[in-house]
Amino acid sequence: MGGTMSDIVDPRREADPWARGARSVVALLPAHDEAHGITAAVRGVQQQSVPPDRVVVVCDNCTDDTAQVARRAGAEVLETVGNTDKKAGALNQALATLLPELAANDVVLVQDADSVLAPDFLQTALTRISAGADAVGGVFLAQRPTNLLEHFQANEYARYARELSRSGRVMVLTGTAAAVRAVALRDLAGARGRVLPGNRGDVYDRHALTEDNELTLALKSRGRQLVSPLACGVSTEVMPTPADLMRQRVRWYRGAIDNLRAYGWTPVTRRYWGQQAMLALGVVAMWLYVVMTALTLVTGTFSFHPMWAWVGLAFWLERMVTVRRSTRTGRLLAALFLPELVYEAFLQVAFVRALAQSLGRAEARWYHVAVPE
């Protein structure tokens, strides 16, 4: 599904290659029962150093008063009609209405309703788009971690942000917040069902379990330039319970695997296939190490080797250095080492479950986490 070289878009041959600065910016906030946090999300957009021209909350099958709260916060409200395709379907309905009104070099900001932008997010994004980027993704950090599980996630997000800064490589144009040129979104709608997975006319693949990961593959497959500068920070809610976290991560892992199966092996996807292979190898290596260590302890053949002590020290230092910008509790958890190993084992269980579901083609599900006020 990656398309031929003739299907790859060359931005230099677009209708308006000279005027890449945004004429207008529309912020879309898809929301399903988000009354508790929609005001903070809307105000975070309105109070940008360079605010958008429009803020539109896309209320999708809401059973609470999200729409009323959003209107009181000053946002426009668009309510979906008959949507059964979750977030991707809600965004497709909104974009079907909005995209025809936008010029090629206008920008659409898509932001989760449980996330809040850093004050200079849009200013930084528009600067990077004017310099040649087609899409600018946020760098997400945990919002107000309160228990140990949330601090583990805060550490994980801090490490991901550090890796983005170090490598400059955008693996996922995060769904928490991303700004994309209108011309790039229209190009995806035209390519769906032809050289990209999905239904013709849809911007987002309605069948994708992780719509942001699939959008990333789609944009890269069309030759688009993606960046995620650290200045585009986004604080987002983390999962409060192990059950919520397990469901979220199974969906993330399953979605990534399913997306790759839809695209196949292409120059764009080979790095992503390698990432999945490394995850699988990590599962095997960790559990072999645990089993072999347990066997040596039981049989009395365990022996200390200085080399492994140095390896362990290097690994411990890496865990400490990579969470310097996390919370104080997060740094303590990294220093204790063992708690994070248990957390990693938990994530590996989620990966194995996701892999089994994908290979078995089990029905994919999307879970909504209800957060009390």
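Readers should treat all values here as calculations from the given coordinates under stated rules, not as data from a laboratory. Note that the structure is predicted; figures quoted are calculated from it, not measured. Every residue, glycine as well, gets a Cβ built from its backbone with ideal geometry; the counts of neighbours run over all protein chains shown.
Structure summary
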quantity: Percent of alpha-carbon pairs separated by more than 20 Å within region 211-314; calculated: 64
quantity: Tensor-based shape of region 219-265 (alpha-carbon gyration tensor, a/c under 1.5 rounded, otherwise prolate or oblate); calculated: oblate
quantity: Fully extended contour minus Cα-Cα distance, from R270 to L341, at 0.36 nm per residue; calculated: 22.7 nm
quantity: Helical contribution to [θ] at 222 nm, DSSP H n ≥ 4, -39,500 (n - 2.57), averaged over the chain, rounded to 500; calculated: -15500 deg cm²/dmol
quantity: Approximate shape of region 143-250 as ellipsoid semi-axes (Cα gyration tensor, √5λ), whole Å, largest first; calculated: 29, 18, 10
quantity: Which labelled figure in [x] 4, 18, 23, 18, 13, 11, 8, 4, 2, 0, 0; [y] 5, 22, 27, 22, 16, 7, 2, 0; [z] 5, 22, 33, 25, 11, 4, 1, 0 is P(r) over Cα pairs in 10 Å bins from 0, in percent, once derived from the coordinates; calculated: [z]
quantity: At R0 = 35 Å, FRET efficiency that the Cβ-Cβ distance of V349 and V298 yields, to 0.05; calculated: 0.90
quantity: Projected label distance in nm at A103 and D64, using a 7 Å step from Cα toward the beta-carbon; calculated: 3.9
quantity: Degrees between helix 242-263 axis and first principal axis of the chain (Cα, 0 to 90, nearest 10); calculated: 70
quantity: Reciprocal of mean inverse Cα separation for region 128-169 (Kirkwood radius, Å); calculated: 11.8
quantity: Virtual spin-label span in nm between R325 and Q46, 7 Å along Cα→Cβ; calculated: 2.9
quantity: Reference-scaled alpha-carbon Rg (2.2 N^0.38 Å with N residues) for region 46-122; calculated: 1.14
quantity: Radius of gyration and Dmax over the Cα atoms of region 284-373, both given in Å; calculated: 18.1, 55
quantity: Sequence ranges 140-149, 24-33, ranked by mean other-Cβ count within 10 angstrom, highest first; calculated: 24-33, 140-149
quantity: Order by protection proxy (mean Cβ within 10 Å, highest first), peptides 229-241, 296-308, 76-88; calculated: 229-241, 76-88, 296-308
quantity: Residues Q248 and R169, FRET efficiency given R0 of 25 Å [Cβ-Cβ distance, rounded to 0.05]; calculated: 0.60
quantity: Order by protection proxy (mean Cβ within 10 Å, highest first), peptides 258-267, 325-334, 279-288, 169-178; calculated: 169-178, 325-334, 258-267, 279-288
quantity: Counting DSSP beta bridges with both ends in region 90-236, the antiparallel % (nearest 5); calculated: 60
